Amino acid sequence: MTLASKEQTNGTIKKRKFHLSFSRKQLCIPYALFLIMFVVFPLLLVVYYAFTDSTGAITLNNFIEFFTDTTKISTLLISVLVSFVVTAICLLIAYPVAYILSKMNKKIAFVLLLLFIMPMWINFVLRAMAMKELLSLIGIPLGSGANIIGLVYDYLPFMILPLYSTLIKMDKSLEEAAQDLGASKVRVFIDVTLPLSLSGIISGAMMVFLPVMSCYVITDAFSGSTGFTVIGKLIAWCFLGENGTMTNINGGATISLIMLIILFVTMFATGGFKSEDNVRGTNI
């Protein structure tokens, strides 16, 4: 009898048990392969096409053409302005909602929060078309104003969720301590609640600001005759054109790379790459 499969001890036969075990490095292999195939490789393609022309020669003309084209620069500035406006409106609406939910009973708050999240389960285009019909029903004409309403409607849950998750985890004893020291409710909010919820504000702003810049589905649906064009529409025109064929893949890759640089700069400026600090102190 071989020891490889069985062993005899005290007249009994025991079967060896084999356990599959993987190290952390081995478990990371599927994730690393996924990143290489669907993140790193596409990004390298974008960089390649951004720095080459239609013949494959290396050039900077794509960037020169972008920054010397007043139409593209104005579209970028309009996209940034629209993103600021939509983010500000979402923050003004979402913060009171998240604050009230964080003070309510958890079960009731969960149900109400679910009502805000449920529209996200519906297809993005269907939501846009439903809001378009609603605006038409109540008599709001299509145009820039309708665009802003549609964007706020679609991205408001992305502002509420990080704010609520931050406020619900906040140490409530800090607010009680500030009130015991004689601070008014307004000062408690300004000096305690608002600073401690800053990470949620930044997270929500990032989740709204950057997608709005490239969201052209809503702007197409709500534009009418007085709407605006966002930078995402320019990228779509470069890659697909008006007849569905690729017309300027190098120009589209250039704009996409510029958007990516704006994303990294915004993340760096807002501290998005830093680990979250557990701030326990306040300024009263």
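The values are calculated or read from the model by the stated rules, or taken from the named source; none is laboratory data. Just so it is clear, the model here is predicted, and its values are computed rather than measured. All Cβ positions, glycine included, derive from the backbone under ideal geometry; neighbour counts span all protein chains shown. Surface accessibility is based on the protein's heavy atoms, side chains included, excluding ligands, DNA and RNA. Shrake-Rupley method; radii C 1.70, N 1.55, O 1.52, S 1.80 Å.
Going through N123, N147 one at a time, which residue ends up being polar (S, T, N, Q) and buried (at least 16 other Cβ atoms within 10 Å of the Cβ)? Quick ask: steps written out before the conclusion?
On the way: N123 fails: buried (at least 16 other Cβ atoms within 10 Å of the Cβ).
On inspection, the qualifying residue turns out to be N147.
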In the set V86, V97, the lone residue that is at pLDDT 85 or above and within 20 Å of K169 (Cβ to Cβ) is V97
query: Hey, does segment 61-82 have a residue that's open to solvent by less than 100 Å² (accessible area, probe 1.4 Å), assigned to a helix (DSSP H, G or I) and either in contact with a strand residue (DSSP E or B) (Cβ under 6 Å, 6 or more places away or on another chain) or among the small types (G, A, S) (or both)?
result: yes
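Please verify whether L174 is open to solvent by 30 Å² or more (accessible area, probe 1.4 Å), farther than 23 Å from L114 by Cβ, out of contact with any strand residue (DSSP E or B) (no Cβ under 7 Å at 6 or more places or on another chain) and modelled with pLDDT of 90 or more, treating the condition exactly as stated. Before you say what the answer is, go through the steps one by one.
Working: open to solvent by 30 Å² or more (accessible area, probe 1.4 Å): yes; farther than 23 Å from L114 by Cβ: yes; out of contact with any strand residue (DSSP E or B) (no Cβ under 7 Å at 6 or more places or on another chain): yes; modelled with pLDDT of 90 or more: no.
Criteria not met by L174.
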Criterion first (crowded, with 19+ Cβ neighbours inside 10 Å and either in contact with an Asp or Glu (Cβ under 8 Å, 6 or more places away or on another chain) or within 25 Å of N105 (Cα to Cα) (or both)) does V212 satisfy it? no
Only one of L113, L163 is under 23 Å from G204 (Cβ atoms), touching a Ser or Thr at 6+ places or on another chain (Cβ under 8 Å), modelled with pLDDT of 85 or more and surrounded by 14 or more Cβ atoms within 10 Å (Cβ to Cβ), namely L163
So the helices (runs of 4 or more DSSP H) completely within segment 125-223 holding 3 or more residues that are in contact with a helix residue (DSSP H, G or I) (Cβ under 7 Å, 6 or more places away or on another chain) and touching a residue at least 24 places away in the same chain (Cβ under 8 Å) are 144-169, 198-214, 217-222
Taking segment 42-58 and keeping residues open to solvent by less than 20 Å² (accessible area, probe 1.4 Å) and not in a helix (DSSP H, G or I) leaves T52
